[in-house]
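Engineer: I have a structure I would like to understand better, so I am pasting it below and will then ask my questions one at a time.
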Amino acid sequence: MSERAIALIDGEHYAPVVRDALEALPYDIVGALLVGGTEKLRGDDQYGVPLVEGLDAAEADLVVDLSDEPVLGPRERMLWASRALALGLPYVGADFRFDPPPLEPVETPSLAVIGLGKRIGKTAVAGHVARVLARDRRVVVVAMGRGGPAEPELVETAPTLDDLIALSRSGRHAASDHLEAAALAGVPAIGCRRAGGGLAGAPFRSNVLEGVQLAAQLEPELLVFDGSGAAVPPVDVDARILVTNGAHDARAGLNAYRVLVSDLVVDTGGADRDAIRSISDVPIVAADLRLRPAEPLRGRRTAVFTTGPAPTDDLDAELVHVSRNLARREELREELERVDAEVYLVELKAAAVDVVAEAALARGAEVVLAANDVVSDELDERVLSLAKQAVRA
């Protein structure tokens, strides 16, 4: 039996040309969606199939794009592809095909925190979500990253600096997101790895599903999945929270797919909300990131090392140096040669342990880890509502 398809067509093609193409396709065309163009429309055009108003107007197995420039350019096509993928439908054209990212079911109620890219506060939001939900239920974070362990790793207690140093000296990445979650969010965390990422966020390879099995042994009431950059955890969660900021375009590539599959958007600063709303009516909440030392600084001479623009104005310290180069090892090492401080305050990311902590210890300085607290008037209420939705599901 042939697959059922909805075809995207335009008025820049004569109707007989489109009708012949539809008849030649190896699909059962259940509807055609006119996406624009009027040059070759006569008013009595017949396509041999019913015209539909949307991709969800008929039962279909895939979407076939028979349109072209100037009606659908690359940007517009990516939006239609995102819409198709969000409905679970492959999107097929003359020389391309996009398939929905495969998502495996999860028995435990679950939320995922995903992003449009790196350095947007996604892991901070995931940690905040986990802390809020852990107030009255058993929560486990499952984090995937490009530096994650070969086998899923459970961290139930906050690792000390000595633990992180030992891990780094053994050749491991000692600033993986699950270590940050365990150290600074205070919840059990499972670390997983992923390699590669598709346009819609599917990892090329990951051990997240094995991580889910490990998490199940803890009998959690709720799982919080932490995505990696723009990669999406390959699990069918009950709700998703998308984190973005002004550095990322919601309409670029297949970013619209990430918007469409999300139940909440967290704007950590400068996001184009009009662009997001042109894609979906998903709720958007604002959030600020603020550095919080894990230990008191007590006015001491302090050097701060971060990956992003978190403000440092409220720190109880005499700031002698502020670096945003934590993810740039060469520049970071050059800066460290000039730093003279009693305390090195550092986010647990990138080169925090193998470069900054090692340099501090070599100079007899104290290392203090910094969390990124998420400050938002609306976020907690939205998160609790999504958790209830996940449990009901």
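Engineer: Identify, please: which residue in the range 184-212 is assigned to a helix (DSSP H, G or I) and open to solvent by less than 40 Å² (accessible area, probe 1.4 Å) and is, among those, nearest to Y257 (Cα to Cα)?
Structural biologist: V208
Engineer: Can you tell me which residue in the range 333-348 is modelled with the lowest pLDDT, limited to those that are in contact with a helix residue (DSSP H, G or I) (Cβ under 7 Å, 6 or more places away or on another chain) and closer than 24 Å to G299 by Cα?
Structural biologist: L348
Engineer: A further question on this structure: Taking the condition touching a residue at least 24 places away in the same chain (Cβ under 8 Å) and farther than 30 Å from A357 by Cα, does R83 pass?
Structural biologist: The answer is yes for R83.
Engineer: Can you tell me which residues in the range 127-148 are within 20 Å of C192 (Cβ to Cβ), touching a strand residue (DSSP E or B) at 6+ places or on another chain (Cβ under 6 Å) and either among the polar types (S, T, N, Q) or surrounded by fewer than 18 Cβ atoms within 10 Å (Cβ to Cβ) (or both)?
Structural biologist: None; the set is empty.
Engineer: Return the only residue of V64, V35, V30 being over 23 Å from L254 (Cα atoms), among the β-branched types (V, I, T) and in contact (Cβ under 8 Å) with a residue 24 or more places away in the chain.
Structural biologist: It is V30.
Engineer: Report whether or not L332 is buried (at least 19 other Cβ atoms within 10 Å of the Cβ), touching a residue at least 24 places away in the same chain (Cβ under 8 Å) and within 18 Å of K122 (Cβ to Cβ).
Structural biologist: No.
Engineer: Within the range 377-393, restricting attention to residues that are in contact with a Pro (Cβ under 8 Å, 6 or more places away or on another chain) and loosely packed, with under 15 Cβ neighbours inside 10 Å, which residue is modelled with the lowest pLDDT?
Structural biologist: My answer is A393.
Engineer: Could you say which residue among A250, A215, A275 is part of a loop (DSSP other than H, G, I, E, B), over 21 Å from K349 (Cα atoms) and not β-branched (V, I, T)?
Structural biologist: Only one candidate passes the filter, namely A250.
Engineer: May I pose another question? Can you tell me how many residues in the range 156-167 are open to solvent by 20 Å² or more (accessible area, probe 1.4 Å) and not in a loop (DSSP other than H, G, I, E, B)?
Structural biologist: 5
Matching residues to (1) without any contact (Cβ under 8 Å) to a residue 40 or more places away in the chain; (2) open to solvent by 40 Å² or more (accessible area, probe 1.4 Å):
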{"residue": "V237", "(1), (2)": "no, no"}
{"residue": "R251", "(1), (2)": "no, yes"}
{"residue": "S280", "(1), (2)": "yes, no"}
{"residue": "P283", "(1), (2)": "no, yes"}
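Engineer: Still on this structure: Please go through the range 168-183 and give me each residue that is of a type in the set (A, V, I, L, M, F, W, C) and either surrounded by fewer than 17 Cβ atoms within 10 Å (Cβ to Cβ) or under 20 Å from the mean Cα position of the chain (by Cα) (or both), ordered by number.
Structural biologist: A175, L179, A181, A182, listed by residue number.
Engineer: Which one of these is free of Cβ contacts under 8 Å to residues at least 60 places away in the same chain and closer than 29 Å to D136 by Cα: E210, E221?
Structural biologist: Exactly one residue qualifies, and that residue is E210.
The values are calculated or read from the model by the stated rules, or taken from the named source; none is laboratory data. Keep in mind it's a predicted model, so treat the numbers as computed, not measured. Backbone-built Cβ (ideal geometry, glycine too); neighbour counts: all protein chains shown. Side chains are part of the model used for accessible areas, which takes the heavy atoms of the whole protein and leaves out ligands, DNA and RNA. Shrake-Rupley method; radii C 1.70, N 1.55, O 1.52, S 1.80 Å.
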